[in-house]
Amino acid sequence: MVKISKTYIPKEKEKYMCAKHLAFFKKKLTDWKVDLIKTNNEALYNSSMDDNSTSADIVDQASSYTEKNVEMRAINRQIKLISKIDSALKRIKDGTYGFCEDTGEPIGLKRLMARPVATLSIEAQEKHEKEEKIFADN
């Protein structure tokens with residue numbers, strides 16, 4: 001794997017998904033995953049420590065239940081995101097990262113910088129969302 005500086009940012013003039021780009025996105029995705037796991041572990045630890053479910057006050061119990069429900073939904077979203085990060089890291093390994101699953105075209109550096117787990121180009125994503133909306137409206 002290629003060494004890149006901590007301040008390196010992929011540039012449009014470089015060959016798309018060259019070794020530097022792949023090293024950059026691998027580090028970005030790995031750091032993000034580590035951060036999410038740390039956040040989830042802290043949230044799970046804190047929610048187990050702060051338990052109002054044994055409180056005699058029904059309002060405290062309901063409030064605690066609602067807070068736990070919101071926390072668990074957030075953790076579930078983060079678990080799904082970790083799965084998407086793992087898929088992106090696998091695509092880096094197999095050489096398909098940065099290319100649209102639908103069209104095979106480059107997703108683009110700007111989009112990947114904003115959403116490193118993206119699997120579709122903007123055009124394919126918009127088409128996908130339109131089809132989803134049409135399907136949902138029926």
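Any read-out appearing in this document is the output of simple, stated calculations on the displayed coordinates, not a laboratory observation. Quick caveat: nothing in here was measured; it's all calculated off a predicted structure. Don't worry about glycine lacking a Cβ; one is built from the backbone with ideal geometry, like all the others, and counts go over all protein chains shown.
Over all orientations, the range 1-133 has a Cα convex hull whose mean projected area works out to 11.1 square nanometres.
Ranked by the mean number of other Cβ atoms within 10 Å per residue, highest first, peptides 3-16, 64-77 order as 64-77, 3-16.
Ordered from longest to shortest, the equivalent ellipsoid semi-axes for the range 70-138 are 21, 20, 10 Å, each the square root of 5 times a Cα gyration tensor eigenvalue. For the residue pairs K26/K68; K6/K26; K27/K68, the C-alpha atoms sit more than 23 angstrom apart in K26/K68; K27/K68. Per residue, the average separation of C-alpha pairs within less than 8 Å and at least 6 apart gives the range 19-137 a relative contact order of 21 percent.
Taking the centroid of alpha carbons for each part, the range 112-138 and the range 70-93 are 18 Å apart. Cross-linked pairs K38/K93; K15/K80; K80/K110; K3/K38; K20/K84; K15/K38: Cα-Cα separations exceed 28 Å for K15/K80; K15/K38.
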